[in-house]
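Below is one structure, written out as structure tokens; comments come after it.
The values are calculated or read from the model by the stated rules, or taken from the named source; none is laboratory data. Keep in mind the model is a prediction, meaning the values are calculated, not measured. Cβ coordinates were reconstructed from backbone atoms using ideal geometry, including for glycine residues, and neighbour counts include every protein chain displayed.
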Amino acid sequence: MALGRLLHGHPTADTPGRVLGHPRSYDICVALWFAGRRDRVYTALATLSGARPGDRALDAGCGTGYLSRRLAAVVGPEGTVLGVDPSGSLLERAQRLAPANCSFTTGVAESLEAADGSFDVVATCLMIHHLPAELRGPAVAEMFRVLRPGGRVLLADFRPPTNRLARHLVGALTDQAMEHNPAQQLPDLLRQAGFQQLDTGDLHPWISYVRGSKPDSTG
């Protein structure tokens, strides 16, 4: 059985997307998958998100809060980070490890329980591929909605290897969603939602990202 399926939790009526469980096992597996580079990659993503001291940041699909904690270090004690995830077991671990300026709530990316313009920054890593294709656009549209005008967004997800054998190995160890993950479509998701000033890049070994901004209504 693929490792990814072993880490899945119980399905929830709140989303048709895949919900993860087994938080300690998840963190161990992801750490191994990044071959010692997880902290370096997620710290870079927090910086790339455009978060600044004092900002209100949202981590959509936060899992055990690894990115949330890096964002918390960037926004500092005057800022706040809210992590949202459908998995209660992952959120329990996230809360235990969180600094004082982090909080977490159960929710789904495609239907965020937040007011329009609530955040300065929205970031997500390794979440988009857990959503069915038809929910990825609505999830990014929700990110657009909850950002203030001029707010910044960062989408990061798994970049499959170009080598066919390596891709098959990824599928055997995880599942087909990662083996065939269309990371190259991330910019289109942002454009379709209305984001501008897009910038793309890769972080070794497995991550592609795109960042953009919500148009400023004043100008």
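One table, with the values for the structure above:
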| item | result |
| --- | --- |
| In segment 32-74, the residues that are of a type in the set (F, W, Y) and free of Cβ contacts under 8 Å to residues at least 60 places away in the same chain | Y66 |
| Given (1) in a helix (DSSP H, G or I); (2) farther than 25 Å from D202 by Cβ, index of the condition T47 fails | (2) |
| Candidate set from segment 108-134 (those that are in a loop (DSSP other than H, G, I, E, B) and within 24 Å of R38 (Cβ to Cβ)); member that is farthest from the chain's Cα centre (by Cα) | L131 |
| Test result for A51, among the aliphatic types (A, V, I, L, M), farther than 22 Å from H130 by Cβ, surrounded by 18 or more Cβ atoms within 10 Å (Cβ to Cβ) and at pLDDT 95 or above | yes |
| Any hit, segment 148-159, residues being at pLDDT below 95, over 19 Å from G83 (Cβ atoms) and either in a loop (DSSP other than H, G, I, E, B) or within 16 Å of the chain's Cα centre (by Cα) (or both) | yes |
| Flag if R56 is within 16 Å of A100 (Cα to Cα), among the basic types (K, R) and more than 13 Å from the chain's Cα centre (by Cα) | yes |
| Subset of segment 79-101 [within 16 Å of the chain's Cα centre (by Cα), of a type in the set (A, V, I, L, M, F, W, C) and not in a helix (DSSP H, G or I)] | V81, L82, V84 |
| Conditions (1) modelled with pLDDT of 95 or more; (2) within 21 Å of D188 (Cα to Cα): number failed by E92 | (2) |
